[in-house]
Amino acid sequence: MDLIPLPRVAVFHEEGRRYAFGPEPVLTAGPGAEGVARWLRRELGAATGWNLPDGGGAGGRGARGDIRLAVDPAVGAGAGGGAEGPAAEAYRLDVGADGVELTGASAAGLFRGAQTLRQLLGPDAYRRAPVAGGEWSLPYAGIVDAPRFGWRGLMLDVARHFMPKDGVLRYIDLLAAHKLNVLHLHLTDDQGWRIEIKRHPRLTGVGAWRARSRWGHRASPLWDDTPHGGFYTQDDIREIVAYAAERHVRVVPEIDVPGHAQAAIAAYPELGNTDVVDTAALGVWDDWGVNPNVLAPTEAVLRFYEGVFEEVLELFPAEVSPFVHVGGDECPKEQWKASGVAQARIAELGVDGEDGLQSWFIRHFDGWLAQRGRRLIGWDEILEGGLAPGAAVSSWRGYGGGIAAAEAGHDVVMCPEQQVYLDHRQAAGEDEPVPIGYVRSLEDVYRFEPVPPALSAEAAAHVLGAQANVWTEVMEHQGRVDYQVFPRLAAFAEAVWSWQPAPAERDFARFEERLAAHYGRLDALGVEYRPPGGPLPWQRRPGLLGRPIEGTPPNV
């Protein structure tokens, strides 16, 4: 068995026996299974040449057809997590002499099972046109499966280096193929604003473009003088959201406040601290790191961003994206300390200095979003100063913020940089392209544990799940993103889907054996992953400086 992620229960019957599909297999879909049937006809039809005509009648047990699809909530019994959690993504797959019977606890569960079906068909099932000679079969098997966590995600930074819409749609397919269900889109930062806001057109007219980019880490003396930019129109965003919803992937937008805001300030200088900085002279930032230019703590700035969020909420409907990410991290306070306007606001509000001012900023949007039926989520700095009960935390500075948030009753998404930042290097070798941060190997990611043992059982229930984060400062195109993300995302997917023993007891050797077959699927999908033996010549970036962690030798 080479399935990834590892299912809860998989029994392969009567060794050597397989169900062989004829030249025109029939697909039958019961109520609620229509969307998955449409997806299977499109994806498997492209790879196999099948039309998969409708067998008629209801799907599931007793129906006619080579592939029978049904939705039955009873499949999720005992899976945990309730109707909206892991139980909803449970499925059962049976292959025998009468064909394939796939039942999901919901349409989402059925879709997860369809991924397993596709994997069992082999790597050529991932191609866009038939190459396999027309013979397709499946082993006799019984698989019962459900995820461990309800939030299994990837954060993709499209602000530092823009990924065109087609690339985002491709990554949604890659997430779906690994049974991941959240795409967190980092849409704004100092280096670019990537979402059209119609009431503020300069956000993309000016803020989506920078004159040049640092080539490598900020210690590098090299520059790429090609202007860089791009943005998603509102119709692009609607397409991305709808495409993801069909694949049961939630898209969580991130609009950064009050830091990481220079692109917005370059477009609208009045958003910055104009009494201490000549904001009219600022352009979109062309470097990496933590930027000192932050939003001014004024009512006008709040109204501006309320307008931004109003359009964002319309583009990301609550039923597909109840969470809105507001960043909230890495907000330098020097400008606020020097600003008479900021100091007057601190006195007016009676908050505890500049840190209290940042907390006030976040709490304002916490309440504003809650009034509109949404939930705020932000990086773990938003804990400083306290949060409203419904807010959630992305714990990135290790587990500490997540532990504190969960113990205080807040929901948490674990994404500690020490474990699941996929921009960090995969090995210590000198050939690794632009080596960043910690060495986090495939095995390190495979042994990632989202729930730290220090948590009480009550607090552990607040861990929604986890996500891997991909910051793109040194990833100038899709191939570089692929290299950093894969195959480690396959290891991450198993860590958050599969019910496994403690990290030290996980069978990494067996995972590597399954991964050897999975590389064929990635090849068919055109993924430029890091090969097991290290980077290929064109994947290297010789001479480009990275960012070693302080106290370690270079490139370690």
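Considering the stretch 202-220, and only residues there that are small (Gly, Ala, Ser) and assigned to a loop (DSSP other than H, G, I, E, B), the residue that is nearest to Glu270 (Cα to Cα) turns out to be Gly207. Residues in the stretch 1-31 that are of a type in the set (A, V, I, L, M, F, W, C), over 20 Å from Gly520 (Cβ atoms) and part of a strand (DSSP E or B): Val9, Val11, Ala20, Leu27, Ala29.
Just checking, does the stretch 140-158 include any residue being basic (Lys, Arg) and in a helix (DSSP H, G or I)? Explain how you work it out, then say what you get.
Going through the stretch 140-158, the residues basic (Lys, Arg) turn out to be 148, 152.
Now drop any that are not in a helix (DSSP H, G or I), which leaves none.
No, the conditions are met nowhere in the stretch 140-158.
Test of understanding: among Val168, Val158, Val144, which residue is modelled with pLDDT of 95 or more, surrounded by fewer than 21 Cβ atoms within 10 Å (Cβ to Cβ) and under 24 Å from Leu464 (Cβ atoms)? Give the derivation first.
Details: Val168 fails: surrounded by fewer than 21 Cβ atoms within 10 Å (Cβ to Cβ); Val158 fails: surrounded by fewer than 21 Cβ atoms within 10 Å (Cβ to Cβ).
That would be Val144, the only listed residue that is modelled with pLDDT of 95 or more, surrounded by fewer than 21 Cβ atoms within 10 Å (Cβ to Cβ) and under 24 Å from Leu464 (Cβ atoms).
Selection of first residues in the stretch 511-525 that are basic (Lys, Arg) and of second residues that are not in a helix (DSSP H, G or I), restricted to Cβ pairs under 9 Å at least 6 apart or on distinct chains, gives the following pairs, ordered by first then second residue: Arg514/Met1; Arg514/Asp2; Arg514/Leu3; Arg514/Ile4; Arg514/Leu6; Arg521/Ile4; Arg521/Gly122; Arg521/Val527.
Within the stretch 191-203, the set of residues being in contact (Cβ under 8 Å) with a residue 60 or more places away in the chain and crowded, with 23+ Cβ neighbours inside 10 Å comprises Gln191, Gly192, Trp193, Ile195, Ile197, Leu203.
Within the stretch 160-172, one or more residues are in contact with a Lys or Arg (Cβ under 9 Å, 6 or more places away or on another chain) and outside any loop (DSSP other than H, G, I, E, B). Here the stretch 484-512 is the region considered, the condition is being surrounded by 22 or more Cβ atoms within 10 Å (Cβ to Cβ) and among the charged types (D, E, K, R), and the residue that is farthest from Ala146 (Cα to Cα) is Arg488.
Which residue, of Val284, Val294, is in contact (Cβ under 8 Å) with a residue 60 or more places away in the chain and over 24 Å from Gly153 (Cβ atoms)?
Values: Val294 fails: in contact (Cβ under 8 Å) with a residue 60 or more places away in the chain.
It is Val284.
Counting only helices (runs of 4 or more DSSP H) wholly contained in the stretch 455-556, the ones carrying 2 or more residues that are basic (Lys, Arg) occupy 508-525.
Among the candidates Asp173, Asp235, Asp225, which residue alone is surrounded by fewer than 24 Cβ atoms within 10 Å (Cβ to Cβ), under 25 Å from Ala524 (Cα atoms) and acidic (Asp, Glu)? Before you say what the answer is, go through the steps one by one.
Working: Asp235 fails: under 25 Å from Ala524 (Cα atoms); Asp225 fails: under 25 Å from Ala524 (Cα atoms).
The match here is Asp173.
Could you tell me whether the stretch 79-96 includes any residue that is under 29 Å from Arg170 (Cα atoms), β-branched (Val, Ile, Thr), modelled with pLDDT of 95 or more and in contact with a Pro (Cβ under 9 Å, 6 or more places away or on another chain)? No, because not a single residue in the stretch 79-96 is under 29 Å from Arg170 (Cα atoms), β-branched (Val, Ile, Thr), modelled with pLDDT of 95 or more and in contact with a Pro (Cβ under 9 Å, 6 or more places away or on another chain). What are the residues in the stretch 108-151 that are closer than 12 Å to Gly49 by Cβ and of a type outside the set (Gly, Ala, Ser), if any? Scanning the stretch 108-151 gives Asp124, Arg127, Arg128, Pro130, Val131, Glu135, Trp136.
From the list Leu369, Leu376, Leu387, the lone residue that is part of a helix (DSSP H, G or I) and in the same structural domain as Arg303 (by TED's automatic domain parsing) is Leu369.
Quick check on this structure: which one of Tyr305, Tyr268 is assigned by TED's automatic domain parsing to the domain that holds Val182, hydroxyl-bearing (Ser, Thr, Tyr) and more than 20 Å from Trp360 (Cα to Cα)?
Details: Tyr305 fails: more than 20 Å from Trp360 (Cα to Cα).
Among Tyr305, Tyr268, only Tyr268 is assigned by TED's automatic domain parsing to the domain that holds Val182, hydroxyl-bearing (Ser, Thr, Tyr) and more than 20 Å from Trp360 (Cα to Cα).
Residues of the stretch 173-201 that are farther than 14 Å from Thr233 by Cα, assigned to a loop (DSSP other than H, G, I, E, B) and under 16 Å from the mean Cα position of the chain (by Cα): His178, Lys179, Leu180, Asn181. Criterion applied to Asp366, Asp423, Asp411, Asp431 was being buried (at least 18 other Cβ atoms within 10 Å of the Cβ) and more than 30 Å from Ala318 (Cβ to Cβ), and the one residue passing it is Asp423.
Looking only at the stretch 242-271, count how many residues are of a type in the set (Gly, Ala, Ser) and either without any contact (Cβ under 8 Å) to a residue 40 or more places away in the chain or touching a Pro at 6+ places or on another chain (Cβ under 8 Å) (or both). Of the residues in the stretch 242-271, 2 are of a type in the set (Gly, Ala, Ser) and either without any contact (Cβ under 8 Å) to a residue 40 or more places away in the chain or touching a Pro at 6+ places or on another chain (Cβ under 8 Å) (or both).
Against the condition touching a helix residue (DSSP H, G or I) at 6+ places or on another chain (Cβ under 7 Å) and under 21 Å from Asn291 (Cα atoms), how does Gly192 come out, does it pass?
Values: touching a helix residue (DSSP H, G or I) at 6+ places or on another chain (Cβ under 7 Å): yes; under 21 Å from Asn291 (Cα atoms): yes.
Judged against the criteria, Gly192 is a match.
The values are calculated or read from the model by the stated rules, or taken from the named source; none is laboratory data. The model shown is predicted, which means the values in this text are computed figures rather than measured ones. For neighbour counting, all protein chains shown are included, and Cβ atoms are generated from backbone atoms with ideal geometry for every residue, glycine included.
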